[in-house]
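Notes to accompany the following structure.
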Number of protein chains: 2
Amino acid sequence: MQIEFWFDFASSYSYPAAMRLQALSEHHHIDVRWRPFLLGAIFNHQGMHDSPFNINAVKGEYMWKDLARVCQDLCLPFAKPDVFPRNGLLPARVACCYANEPWLPAFVRAVFAANFEHNEDISSPHIIEQCLSRCGVNKPDILTAASSAESKHRLRQQTDEALQRGVFGAPSFFVGEELFWGNDRLERAIQWALEPK
Amino acid sequence: MQIEFWFDFASSYSYPAAMRLQALSEHHHIDVRWRPFLLGAIFNHQGMHDSPFNINAVKGEYMWKDLARVCQDLCLPFAKPDVFPRNGLLPARVACCYANEPWLPAFVRAVFAANFEHNEDISSPHIIEQCLSRCGVNKPDILTAASSAESKHRLRQQTDEALQRGVFGAPSFFVGEELFWGNDRLERAIQWALEPK
């Protein structure tokens, strides 16, 4: 059994989903396929040129209160980032390029923690190097490889795939072709994976 | 302790919230204040002139699948309405006008069932009379009273209040001035009402 996790490092509700996904899925013996994509490109396609939480300030204000409460209920540290949405292109390229590495889940969590716990600039190569070293990865060529034309192309392709498969927000989960949207649906997606079909 | 339930009879996720609210709140000894409002007016204020689930067809398609699954998980009957969003102005005026009647919760459920279980036209006076009689109310003057200038004004005022207090979607719950949005947050709102402050 497999669950695909489609996420963007800038996406606020992707944070609690990313932090709990691996433990939950290991508990249920479900494999995770980590699939970063560019949510901004999906929003552009929908005619929006900013996060809907910025376009609708009243909804945005609620989201930050709700997210703080969600994190508190999960005992997850949380601090509202000074910049939202942060540019997550560089770590998304790394995650896309190295999606099958054993250190990838820890790296994803480190980047989300940088953005939503430590209020760090995840567009900075220095911060992303720190995220890599926080999970024991000390290969100097990773950021260079992630910035290659091929890596850029691969992330664009993955974003196109998200659009084609009906992803309209993040986090999203696929079990087969069944889509589940939002941190609130992670448990339901896992249940779906476990149900006999 | 009290929970305010802000709902629109056309709103898809208001349906499961409305169907489970009274039993849940009675179980926890929490009073419910039933507060219909016009979600369309809130959307207009946000610059949208249709349901966001119609404006964004991909999101809308997902919503109907998700809602069907939510209802199935709750053992609630559900059939996708032929028309969405249906015009819920008449029953909203009734609910606003008779908010404190003992039959009001049953009426609210009857109207939601008409829309989302029986695929009936809730803008029709005939259907709304049926909804009233389904919960044992046989007063012929209710629809006349609900269509008076005063009733119309009261619903408009309630919608203005929703806007002023930061309601941006439905269903919404208030516990004091703490806002909770969405059927998914009903349990959290009730927990909030029960927590010592």
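Okay, here's what the table says:
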| item | result |
| --- | --- |
| Filter result (small (Gly, Ala, Ser) and either farther than 17 Å from A:Phe5 by Cα or not in a helix (DSSP H, G or I) (or both)) within the range A:88-112 | A:Gly88, A:Ala99 |
| Among (1) open to solvent by 70 Å² or more (accessible area, probe 1.4 Å); (2) within 19 Å of the chain's Cα centre (by Cα); (3) within 14 Å of chain B (Cβ to nearest Cβ) - the single one A:Gln72 does not satisfy | (2) |
| Number of the exception - B:Gly166 against (1) surrounded by 21 or more Cβ atoms within 10 Å (Cβ to Cβ); (2) touching a strand residue (DSSP E or B) at 6+ places or on another chain (Cβ under 8 Å) | (1) |
| Of all residues making up the range B:16-66, the number that are away from chain A (no Cβ under 11 Å), in a helix (DSSP H, G or I), open to solvent by 60 Å² or more (accessible area, probe 1.4 Å) and not polar (S, T, N, Q) | 3 |
| Residues of the range B:148-158 satisfying the condition of being within 30 Å of A:Met63 (Cβ to Cβ) and open to solvent by less than 10 Å² (accessible area, probe 1.4 Å) | B:Leu155 |
| Restricting the range A:113-132 to residues that are part of a helix (DSSP H, G or I) and of a type in the set (Val, Ile, Thr), the residue that is nearest to A:Pro36 (Cα to Cα) | A:Ile128 |
| Output for the range B:40-87, where each listed residue is more than 19 Å from A:His45 (Cα to Cα) and of a type in the set (Lys, Arg) | B:Lys65, B:Arg69, B:Lys80, B:Arg86 |
| Positions within the range A:121-147 being without any contact (Cβ under 8 Å) to a residue 40 or more places away in the chain and open to solvent by less than 40 Å² (accessible area, probe 1.4 Å), in sequence order | A:Ser124, A:Ile127, A:Ile128, A:Leu132, A:Cys135, A:Val137 |
| Condition broken by B:His29, with the remaining ones in (1) modelled with pLDDT of 95 or more; (2) on the phi < 0 side of the Ramachandran plot satisfied | (2) |
| Condition broken by A:Trp103, with the remaining ones in (1) more than 10 Å from every other protein chain (Cβ to nearest Cβ); (2) aromatic (Phe, Trp, Tyr); (3) buried (at least 18 other Cβ atoms within 10 Å of the Cβ) satisfied | (3) |
| 1 or more residues within 18 Å of B:Ala92 (Cβ to Cβ) and within 14 Å of another protein chain (Cβ to nearest Cβ): qualifying helices (runs of 4 or more DSSP H) within the range B:141-197 | B:149-164 |
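The values are calculated or read from the model by the stated rules, or taken from the named source; none is laboratory data. Owing to the predicted nature of the structure, the values given are computational and were not obtained by experimental measurement. Note: ideal-geometry Cβ built from the backbone for every residue, glycine included; neighbour counts use all protein chains shown. Keep in mind that these areas ignore ligands, DNA and RNA; they rest on the heavy atoms of the full protein, side chains included. Shrake-Rupley method; radii C 1.70, N 1.55, O 1.52, S 1.80 Å.
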